[in-house]
Every structure is written in C-alpha cells, then in structure tokens.
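Structure first, commentary second.
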Amino acid sequence: MTTYDDLTVASYNIHKGVGTDRRRNPGRIAAVIAEIGADILALQEVDMRFGNRKGLLDLEALRRDLGLIAVPVDSVRDAHGFHGNLLMVRNGLVQLVHHLILPGLEPRGALISDLTIAGHPLRVVSTHLGLLPASRKLQARAILDKLSTLDARPMLLMGDLNEWRHDSRSPLEILN
C-alpha cells in the first residue's frame, strides 16, 4: 500500500487575485500560498477573465522562493492556467497532463495530471466546477468518463467544486 503521510495538499480559488476588500493584490495571494506550504496546490481563477487572459501570479518567484513548479498547460496567450486552473507541485515529477474541457453553461475545464511524488505514482484531478447543479453533474460525468480511459493509480480530486451538500441531493453523488 502506498502512503503519502508527509504530503500537504491544498486548493485555493484566488478569485482573479481580488480579496474580500475588493482589491487585486497578487503579492498578498503569493504570501498566502507561502503560508499554506503545500506540496500539491490546485489554484482556480488564476487568469484575468477578459482581454488577454493574462496570468496573475509571478510563477518564477513561486518556483524560486517556494519550490512550486507549475504543471504545463495548454494556455491562451499569457494565461497561467487551463480554463483558469493551475496545478503546482513541489518535489514531484510530472509524467503526463490531460486537458479536459468540461460541458456546461460557462467555460470550465479540468487538469488530470499523472505525477510521481516521493517515488509514488499519483493522479491529481484539479478543476473548478460550475455554479449550476445540472452543469456540475455533467462535468463530474465527463471527468469520470475520461478517468475510465486511463490506467489505475492512486488519485486525488481537488479544486473548487462549488458544492456544499453532502447527501443524495448533491449532483456530485455520482462520484461515490
């Protein structure tokens, strides 16, 4: 049995760098990322929504100062993420990344990344699901369908799932 006892994982929707004070401050976001100290970090809303979709973080500084490496993505222009999703890994080897466009009312995506962490294989699904329950159900189904085509390995689902119900009323019940 593979264990990941010393692995710290976190998910953080940075809301395009805008805090509760309604100010955009990427430096503040970087400070929170440093404080979290995650080995695997799934970030959502890492790019500007309109215009050139420019990435909001200094990825080189995060690599240099924290040892976090951005998993490669198919990005548009200067974007950091794939549909706003970015996965960062410390002390890991990225083997393969699948970019999955998810169905729904608004553009959404998932990164399915096959990694080696501490010598052990791990698949990380990083996503930001939609606000509508019907969209979340379709998106979860699309992720499961994609996963069914891949080899078996330990897996971690992380991201902003936009779901707060933990019972049979949840559209994500299909994941159980």
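The values are calculated or read from the model by the stated rules, or taken from the named source; none is laboratory data. Computed from a prediction, not measured in an experiment: that's the story for all the values here. Neighbour counts run over all protein chains shown; Cβ positions are idealised from the backbone, glycine included. Only protein heavy atoms, including side chains, enter the accessible area calculation; ligands, DNA and RNA are left aside. Shrake-Rupley method; radii C 1.70, N 1.55, O 1.52, S 1.80 Å.
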So the carbon and sulfur contribution to the accessible area of region 6-75, 1.4 Å probe, in percent, is 50 percent
Residue-normalised value, i.e. accessible area per residue, for the chain at 1.4 Å probe, in Å², stands at 54 Å²
Region 66-125 and region 140-156 have their Cα centres apart by a whole-number Å value of 14 Å
Phi angles of region 9-22, converted by Karplus (6.51 cos²θ - 1.76 cosθ + 1.60, θ = phi - 60°) into ³J(HN,Hα) in whole Hz with x for Gly and Pro, give 10, 8, 10, 8, 7, 7, 6, 6, x, 9, x, 5, 7, 6
Simple SL model, points at 7 angstrom along Cα→Cβ for Asn25 and Val9; separation in nm is 3.1 nm
